[in-house]
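The values are calculated or read from the model by the stated rules, or taken from the named source; none is laboratory data. Just so we're clear, the structure is a prediction, and the values are computed from it rather than from any experiment. Glycine also receives a Cβ, built like all others from the backbone with ideal geometry; neighbour counts cover every protein chain displayed. The accessibility values were calculated without ligands, DNA or RNA, using every heavy atom of the protein model including side chains. Shrake-Rupley method; radii C 1.70, N 1.55, O 1.52, S 1.80 Å.
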Amino acid sequence: MDDEVSRLHMDALVVDTHCDTLKCLSPRFTHPRDSMWDDRSTLGFGERSSLGHVDIPRLREGGVDCQVFAVSSARERAPPYPLRTALEMIEVFNRECERNPETIAPVTCHREIVEAVEGGRVAAMLSIEGADVIEGELSMLGVFHRLGVRMVGLVHSLRNLLADGVTDRRTGGGLSELGVQAVEEMDRLGVIVDVSHINDAGFWDVMEVARGPVIASHSNCRAICDHPRNMTDEMIVALAEGDGVMGMNFAPSFVHPTRPSVETMVDHMDHVVELVGPDHVGLGSDFDGIPSTPVGLEDVTKMPSITVELVERGYREEDVRKILGGNHLRLIKQVIG
Ligand SMILES: [Zn+2]
């Protein structure tokens, strides 16, 4: 790699708004579909592993400065105790941060991210993927906020008490009353509302209810790859008009039906930039949550190949920095503080 491009990548503050690594580090989780979700709990997050996609040494090698870690409790993937499962995953997160104080720091606001990065550490933020974990109690949002969660997706793949997921497209259901109240409570708490995984009707309801900008932490463009987890152009325009940001997902089936690669992933970035300019796109890899990866993005150490591709396509340095993390940081500062 060109030294100058490599320097640009390592110098930029790189933010990734979604990985499922806590699932791999939590011993209760086993994934039915793929042996990639081997139990890595005994290995620990500070050790470089050849399993999965993300650990601290590989985050640093890939130049990722701020990683959002999802606490997830989808019914098809978790035992039927969503709240308890989420709390256990947060315990795993905190334990791993405490074990590796020199290399990773839990963060809850923009200032803490900057401080962690200046101190040479990876900034680690918690999100919730699927508010099933609040078990219908809005007060749990406040509890999770106190535990450090700063981003919440209302729904994972399947319908819950708040909203319908993308696999519920047939129902066309939008937000429930509780879902509307949850968005209002997140606004009040300063928690970013995440629209990845929600169905189209729910997305539009969120856009109506949310006061601040929202995030699609790990979603791509339906115009480039027609998958329900990706967003239509109308949705992308609405997200951008609200000053939101979408993190590009590396899941092969969301990137390209036959040729998933770093190039075809960056095609999604190009599309967003053509539609709404360079201020609304970022990274949301979904590493450790995807059964396979695009060519050239085999794990988090390959993040610099995105910078190479952007520079080759003629992106200005200023815009490369925005896409690598500046846009996500702006959103974080605006919503969380
Ligand atoms: Zn997801």
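Annotation for R99 and E112: the two label points, set 7 Å from Cα along the Cα-Cβ direction, are 2.1 nm apart.
Spherically averaged projected area of the convex hull of Cα atoms, the stretch 246-337: 6.2 nm². Annotation: extensible slack from D187 through E91 equals 32.0 nm (criterion: 0.36 nm per residue apart, minus Cα-Cα distance). Assuming R0 = 45 Å, can you tell me the calculated FRET efficiency for the pair R146 and A223, based on Cβ-Cβ distance, to the nearest 0.05? Rounded to the nearest 0.05, the efficiency is 0.65.
Under the convention that each Lys and Arg Cβ holds +1 and each Asp and Glu Cβ holds -1, the size of the dipole of the chain around its Cα centre is about 660 debye. Net charge of the neighbourhood of E263, taken over other residues with C-beta under 11 Å away and scored Lys/Arg +1, Asp/Glu -1, is -2.
Computed with every protein chain present, the accessible area of R99 is close to 140 Å² [probe 1.4 Å]. Directionally averaged projected area (the stretch 65-165, Cα convex hull): 6.3 nm².
Amide H contacts of V71 (H built 1.01 Å from N, in plane; Pro and chain starts excluded): S127, I128, E129 sit under 5 Å, all sequence-distant by 5 or more or on other chains. Could you check which residue among L175, L189, L126 shows the biggest mean-square fluctuation in a GNM of the chain with a 10 Å Cα cutoff? The residue with the greatest mean-square fluctuation here is L189.
For the chain, the 222 nm mean residue ellipticity estimated from helices alone, with every DSSP H stretch of n ≥ 4 adding -39500 (n - 2.57) and the total spread over all residues, rounds to -11000 deg cm²/dmol. For the chain, the normalised intensity computed at q = 0.06, 0.10, 0.13 Å⁻¹ comes to -0.17, -0.50, -0.90 (log10 of I(q)/I(0), Debye sum over alpha carbons, equal scatterers, no solvent).
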